[in-house]
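What follows is one structure encoded as structure tokens, with my remarks underneath.
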Amino acid sequence: MKETFAKISPFQLDPSKLEEAFGLDESSFDKANDTEKESMVEMRKSVSYWADAWRRFKKNHVSMVALFVFIIAALFAFVGPLLVPYDYADQLRNAQKLGPMEYSKQEEVVRSIDDKCSSFYATALRPGSITALEKGEYYFKKGGTVYAFTLEKALENAIVMYAPKGVDDKVIIVRMADIDKEGNFSNYEVLNTTTEYSAEAIKLKLRSSVFPHVFGTDSQGRDSMVRTMFGARVSILIGIIAALIVLIIGSIYGSISGLAGGVVDFVMMRIVELIYSIPEVLVVLILQVVLKDPLQKWFDSSQSAFAQGMSDLGSGVVSIFITFALLYWVTMARIVRGQVLQLKKQEYVTAANALGASNRRIIKRHLLPNCVGQLVITTCLQIPSAIFLESFLSFLGMGVSAPMASLGSLCSDALQTISLFPYRLIFPAVILTIIVLSLNLVGDGLRDSLDPRLKK
Amino acid sequence: MLWYIFKRLLASIGTLLVVLAITFFLMNAVPGSPFLTEKSTPEQIALANAKYGLDKPLIVQFKNYLVTYAKGDLGVSLKMQEGTPVTDILFHQGKFQLSIRLGLIALCVAIVIGIPLGCVAAYNRGTWIDGFLRVLTTIGVAIPTFVLATLLLVTFAVNHNFLPTISGSLDSFKAYVMPIISLSFYYTCYLAKLTRTSMLDAINQDYIRTAKAKGVKTRSIVIKHALRNSLIPVITYIGPVIAGIITGSFVVESTFSIPGLGKYFVQSVLCRDYTVIMATTFILSALVIFMNLVVDIAYKIVDPRITLSSRED
């Protein structure tokens with residue numbers, strides 16, 4: 001047996017016979033040069049994990065639509081306020097309780113006049129006309145002088161001042177009574193424009209046309225659309241931050257527990273079970289009340305930007321984060337532990353161990369990157385749950401603090417006047433639902449594409 | 001089995017103690033006292049503190065709570081209805097019964113409607129029925145309870161007067177309709193989704209094929225073979241459902257003006273009525289923990305493959 005094997009072994013043949021038998025000469029056994037090496041390289045581009053997942057995700061039409069919807073909602077929340085000339089805390093007088101797409105009579109006058117002329121000109125300091133001007137909503141510069149007036153004051157004094165188009169060098173005063181509905185007038189007087197106005201007025205923008213209150217305004221004259229945009233922004237931010245907190249704590253806890261095993265694992269999992277059975281909403285509610293004063297003190301005393309940002313959101317939101325840090329990471333920890341239990345038996349973990357890698361390095365470099373799919377999915381599905389919790393608390397009056405808004409607090413505010421202004425509830429509620437729905441669907445899509453084994 | 005129940009019971013008591021401890025120490029972590037008002041003088045506060053034992057060290061106070069709870073006494077309200085025993089407020093004024101009735105009915109509705117809906121969807125997989133149910137349930141889990149509750153309120157009570165705006169103490173059938181719908185909708189949808197997925201899993205199993213090959217009717221395959229086996233993940237979820245329904249009742253109770261436990265708890269937290277907070281937390285968490293225990297045992301009965309002693313993942 002050995003003999004026959006030896007006979008046919010090519011290494012035993014002499015070179016000339018080799019050529020005869022297989023069509024190979026001696027040079028075939030030289031080392032490959034670079035060009036030859038290149039031809040051996042796999043020509044197909046290797047597909048990374050993420051590219052592969054993205055390819056699968058793209059095939060899932062529902063999730064793609066959901067992702068698109070979520071991006072629109074996020075644009076609405078984060079870019080929208082830049083486009084709308086109102087602020088979430090601005091209380092427009094005489095513009096309270098407006099319906100969708102409406103603007104107040106006062107704004108209407110501005111608008112009709114806007115159509116007729118290039119800009120508003122006014123002065124506060126002409127003796128006998130308008131006195132005690134607070135701040136100018138409108139201003140103009142002429143020959144290095146700034147003139148300003150508030151429309152409110154002008155209305156009170158029955159005077160609107162402006163220059164018609166093409167008459168830039170003249171500033172005139174018209175009485176409100178002399179302006180008809182179309183904004184035409186015939187009776188006016190020329191204004192002496194020599195007095196200077198305070199520097200404060202310069203900061204204020206000229207509002208060249210009326211932007212309608214697309215979602216109407218609330219009882220305090222705040223533009224509902226801007227408030228909804230800010231609310232959506234706050235809700236999304238809260239969701240993301242809370243999910244990140246859960247991700248960090250849950251993944252670290254879970255991987256330590258899974259990797260350590262034994263008694264440590266046992267104890268850590270009993271703690272998880274204990275926390276799991278705590279009715280978390282009870283704790284949240286109590287935390288809300290308990291943390292209110294200490295957090296307020298911290299906001300007042302600390303000068304850091306972080307504290308400032310947190311104080312804008314209010315103590316309620318900070319307590320939500322704390323609650324997530326305390327109670328909500330358990331699901332994540334369980335999932336990560338389950339994954340780690342499977343992964344730690346893999347050869348590469350053994351190899352890393354044999355090479356002397358520390359546990360910390362094994363978790364960081366080997367275990368967590370390999371359960372990244374699960375991490376992403378769970379984090380993504382955590383966001384809507386955080387948004388839900390926040391809106392629930394805001395609804396009970398314990399979420400963000402006024403004048404900041406969240407979708408939940410907007411719904412809660414709308415409740416008081418629900419029979420008169422149902423749209424005030426409907427807009428934020430629909431946006432809340434859309435955000436949660438799209439995130440849920442994106443999460444489902446992620447699960448199918450990142451971890452095809454879980455596909456159902 | 002008995003040993004398992006005993007062990008779980010012990011663990012439940014431990015959890016309850018932890019919840020109570022967290023609540024108690026959180027409550028007391030805030031400086032000040034429930035008796036602090038603008039008018040009260042330090043002497044009055046001290047007097048009131050002494051009267052209700054709030055001047056004692058925290059540990060002693062906590063021990064006193066546990067001792068009185070063990071005796072079945074829930075203490076006396078400090079603020080909301082000063083001097084009234086909490087048991088009177090919760091049980092004799094019907095708050096507890098009201099919430100429990102509401103919660104149990106909502107739970108039953110969620111189970112009785114949700115699980116069959118999931119079966120119907122799985123049974124008609126790929127048809128328009130399945131598609132419709134999928135859209136419905138997906139939207140259902142994305143609508144917050146309070147939005148649904150208010151929309152119902154506006155549509156049926158304010159604009160059309162079909163149903164009463166204030167459900168009060170639920171003394172007529174009409175009063176139940178909206179609170180129950182809003183409380184159970186989310187969970188109905190969730191259970192339907194869950195049942196559908198696990199039914200689909202079960203339908204692909206070999207024993208279903210065998211049953212089909214034997215010529216068993218489709219209906220009885222679904223009910224006898226598929227449903228039974230697909231109920232397990234559904235049952236695990238019932239525990240969280242119960243907790244959620246109790247939580248959801250906070251919103252529903254305040255929307256429909258039902259003087260129940262949830263609303264009362266929120267009020268007591270807001271005005272720092274220590275004894276009421278503790279008592280309500282005690283009752284609610286005991287309820288949730290107990291229901292979790294029941295669910296775990298039911299789990300065992302439905303699926304004998306699961307060994308109760310090790311609940312490893």
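The values are calculated or read from the model by the stated rules, or taken from the named source; none is laboratory data. Quantities reported herein were computed from a predicted structural model and do not represent experimental measurements. Cβ coordinates were reconstructed from backbone atoms using ideal geometry, including for glycine residues, and neighbour counts include every protein chain displayed.
So here's what we get for this one:
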quantity	calculated
Residue match in region B:257-271 (condition: surrounded by fewer than 21 Cβ atoms within 10 Å (Cβ to Cβ), modelled with pLDDT of 75 or more, facing another protein chain (nearest Cβ under 10 Å) and part of a loop (DSSP other than H, G, I, E, B))	yes
Out of B:135, B:147, B:109, sole residue that is surrounded by 21 or more Cβ atoms within 10 Å (Cβ to Cβ) and either more than 14 Å from chain A (Cβ to nearest Cβ) or free of Cβ contacts under 8 Å to residues at least 40 places away in the same chain (or both)	B:147
Conditions (1) at pLDDT 80 or above; (2) in a helix (DSSP H, G or I): number failed by residue A:414	(1)
Among the candidates B:222, B:234, residue that is in contact with a Phe, Trp or Tyr (Cβ under 8 Å, 6 or more places away or on another chain) and surrounded by 18 or more Cβ atoms within 10 Å (Cβ to Cβ)	B:222
Extreme residue, farthest from the other protein chains (Cβ to nearest Cβ), among residues of region B:150-175 that are in contact with a Lys or Arg (Cβ under 9 Å, 6 or more places away or on another chain) and surrounded by 14 or more Cβ atoms within 10 Å (Cβ to Cβ)	B:170
Condition met for residue A:55 (outside any helix (DSSP H, G or I) and either over 19 Å from the mean Cα position of the chain (by Cα) or among the polar types (S, T, N, Q) (or both))	no
Selected residue (criterion: modelled with the highest pLDDT) from residues of region A:16-40 that are assigned to a loop (DSSP other than H, G, I, E, B) and of a type in the set (Gly, Ala, Ser)	A:32
Qualifying residue in region A:311-324 (condition: over 23 Å from residue A:239 (Cα atoms) and in a helix (DSSP H, G or I))	no
Among (1) within 30 Å of residue B:64 (Cβ to Cβ); (2) free of Cβ contacts under 8 Å to residues at least 24 places away in the same chain - the single one residue B:75 does not satisfy	(2)
Members of region A:250-302 that are facing chain B (nearest Cβ under 9 Å), within 28 Å of residue B:275 (Cα to Cα) and among the basic types (Lys, Arg)	A:292
So residue B:288, is it within 22 Å of residue B:250 (Cβ to Cβ), within 13 Å of chain A (Cβ to nearest Cβ), in a helix (DSSP H, G or I) and modelled with pLDDT under 80	yes
Hey, residue B:127 farther than 23 Å from residue A:438 by Cα, without any contact (Cβ under 8 Å) to a residue 40 or more places away in the chain and within 11 Å of chain A (Cβ to nearest Cβ) or not	no
The listed residue being modelled with pLDDT of 80 or more and at the interface with chain A (Cβ under 10 Å from one of its Cβ atoms), out of B:275, B:280	B:280
Residues located in region A:375-404, provided they are over 17 Å from the mean Cα position of the chain (by Cα) and either buried (at least 20 other Cβ atoms within 10 Å of the Cβ) or within 12 Å of chain B (Cβ to nearest Cβ) (or both)	A:375, A:377, A:378, A:392, A:393, A:394, A:395, A:396, A:397, A:398, A:399
Residue that is surrounded by the most Cβ atoms within 10 Å (Cβ to Cβ), among those in region B:49-67 that are among the aliphatic types (A, V, I, L, M) and under 35 Å from the mean Cα position of the chain (by Cα)	B:54
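The rows are residues; the columns are (1) closer than 18 Å to residue B:287 by Cα; (2) at pLDDT 75 or above.
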residue	(1), (2)
B:4	no, yes
B:12	yes, yes
B:29	no, no
B:36	no, no
B:78	no, no
B:107	yes, yes
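Listed here are the residues, each with its yes/no results for (1) within 18 Å of residue B:98 (Cβ to Cβ); (2) in contact with an Asp or Glu (Cβ under 8 Å, 6 or more places away or on another chain); (3) modelled with pLDDT of 80 or more; (4) not in a loop (DSSP other than H, G, I, E, B).
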{"position": "B:198", "(1), (2), (3), (4)": "no, no, yes, yes"}
{"position": "B:220", "(1), (2), (3), (4)": "no, no, yes, yes"}
{"position": "B:233", "(1), (2), (3), (4)": "no, no, no, yes"}
{"position": "B:236", "(1), (2), (3), (4)": "no, no, no, yes"}
{"position": "B:252", "(1), (2), (3), (4)": "yes, no, yes, yes"}
{"position": "B:292", "(1), (2), (3), (4)": "no, no, no, yes"}
{"position": "B:296", "(1), (2), (3), (4)": "no, no, no, yes"}
{"position": "B:299", "(1), (2), (3), (4)": "no, no, no, yes"}
{"position": "B:308", "(1), (2), (3), (4)": "no, yes, no, no"}
